[in-house]
Amino acid sequence: MSDCLIECRGLYKSYGLRPALRGVDLEVGPGRIVGLLGPNGSGKTTLIKLLCGLLQPTTGWLAVDGRAVGPYTKSVVSYLPDRMYFADWMKATDLFDLFRDFYQDFEYEKAMSMCRSLGVEPGDRLKAMSKGTKEKVQLVLVMARSAKLYLLDEPIAGVDPAARDFILRTILTNYNEEGTVLISTHLISDVEKVLDEAVFLKEGKIMLHATVDDIREKEGKSVDALFREIFRAEPMWEGGEL
Amino acid sequence: MDWNLDNGRPIWPQLAQQLARRIIAGVYPPGSRLPSVRELAAEAGVNPNTMQRALAQLEQEGLARADRTAGRLVTRDVQILDAARLREAQAVIQGYFEAMSALGYSREQAAELIKEEFL
């Protein structure tokens, strides 16, 4: 068995005729915090869904913790989807009960104490919560597991900047030390400091995979600045006549 | 004391420098135990591996050493502390000359202006 936690080879996924991933090779080791960065529609969510088994690749293969995606990998992967999938009559505590039944590694007490520190009232129903608060509840559900791989799809998009810092700190202090965290986002400047590695996705392909410090050392600029340079949209009049 | 990280440079040397400054300033007194990697990383809002690398740099410079039981202790060695203090002071002075040069002063003029401050 390899010591890679995530291994993808020639991963290709299309929705009908539209390719979303076009040959992704990726290796990520344990104990890393990795940013999955790319503009809208670059394939971030597709890659994450493949890793947690919600989608099947069109061609290519992938392994999590040395095993093909299946019941075992699902037991060691903690996934934060990009949208809410719970019924809104449920309370946070109902969800905690549900997760305790489904996942052996879910720590109920930890979830309750994370709620306290995030200022979430676990007895409230989801429909009484704001969008940001619901996102916090989802984050609690995901981070209260001691998983090997955390897949966080846009964990900070819906919350205010102060809560963003707090959420990043929650991720930093709660992930299990041998665990790897894969965070997809386009809010790069906010997450840059917490990342070990950055993976740039462009049109379904990986165009850069390096450590944040290497990028800063080599390019003399932040990952955020590099991202803006690579993905700068060409102005409409570029090359044409005004 | 806040952590100030700028964008153009790798993060770990900046953390190492700011930890060194805290040691020099006595925020972490000689012989005391440094907070754990996790605590420091959470405080600075950075990745624990990055903070680990900064602390390894401090050990290399002799400002801190790993303790057998757990954690890291700040050195009591006055010579090492003084040398680190001098290094930081020289960096501040270089920064001054660079800023003055951007304003159009030569090194001599910049040095002269400093002297006048004391008259």
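Brief remarks follow.
- Close amide-amide hydrogen proximity is noted between residue B:64 and B:59, B:75, each under 5 Å apart and 5 or more residues distant or on a separate chain (H modeled in the peptide plane; Pro and chain starts excluded).
- Seen against the Cα atoms of chain A and their longest principal axis, helix A:131-143 is set at about 80 degrees.
- Rounded to whole Hz, the Karplus (6.51, -1.76, 1.60) HN-Hα couplings of region B:43-52, x for glycine and proline: 4, 7, x, 10, 5, x, 5, 5, 5, 4
- For the residues of B:45-54, the average number of beta carbons from a partner chain within 10 Å of their own beta carbon is 5.
- Label zone (residue A:67, point 7 Å along Cα-to-C-beta; backbone nitrogen cut-off 18 Å) within region A:144-159: A:145-151.
- Angle in degrees between helix B:11-25 and the longest Cα principal axis of chain B, rounded to the nearest 10: 80 degrees
- Extension gain (nm, one decimal) between residue A:12 and residue A:186, 0.36 nm per residue minus Cα-Cα: 60.4 nm
- Between 0 and 90°, nearest 10: helix A:161-174 axis offset from chain A longest Cα axis: 70 degrees
Bear in mind these aren't lab numbers, they're just calculated from the coordinates by the rules spelled out. All of these numbers come straight from a predicted model, not from anything done at the bench. Note that we place each Cβ from the backbone using ideal geometry, even for glycine, and neighbour counts take in every protein chain shown.
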